[in-house]
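Before any comments, here is the structure.
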Amino acid sequence: MASAARPLPSAPSRTDGLHLRVVPSPARRTRPSPAVIRRRRAVALAGLVALVLLPLAALSIGGGAGASAQIRSLLERGAADPASLCDHLSGAMLAAAGGHAGCLRSSPSRGPAATVGGIRVDGARATAVVHHPEADEIVSLVRQDGDWKVADVR
């Protein structure tokens, strides 16, 4: 004959003296280990650095405002003091001027008033328009060894 089904044994419950069931408290959150804290700080710092450096890198790849400012400064200084451009001529321009000494000898002491406008930077090449009272010049520049050099003036 078959025996009657027995109920499954349940986990013993703890009781205090009043026969109330005491429920164990949930697991307490512990503080992360120092290694986890250091790793979280490093990730946060790397994210912050990326937020700062990415826009700067994007500007430097295309030439950006920094190259335009360098070119503007170079050409404005050259308009006021033409001899200063002798240090910023490409090899071909310097040879056409008779070398550095020839360039210095042929440079006037003071240039006519001029303004620089229309600077376009395309990688290691750039063009700028220099406005003189009598005519405009288109100046072509190249980047050599980190410096902008005048390659042609038309």
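The ranking of 90, 109 from fewest to most other beta carbons within 10 Å of each one's beta carbon is 109, 90. Summed over all non-identical Cα pairs, the Kirkwood treatment of segment 87-154 gives a radius of 12.9 Å.
None of the figures in this text is laboratory data; all of them are computed from the coordinates on show. Please read these numbers as outputs of a predicted model, since none were measured by experiment. No Cβ is skipped: glycine too gets one built from the backbone with ideal geometry, and neighbour counts run over all protein chains shown.
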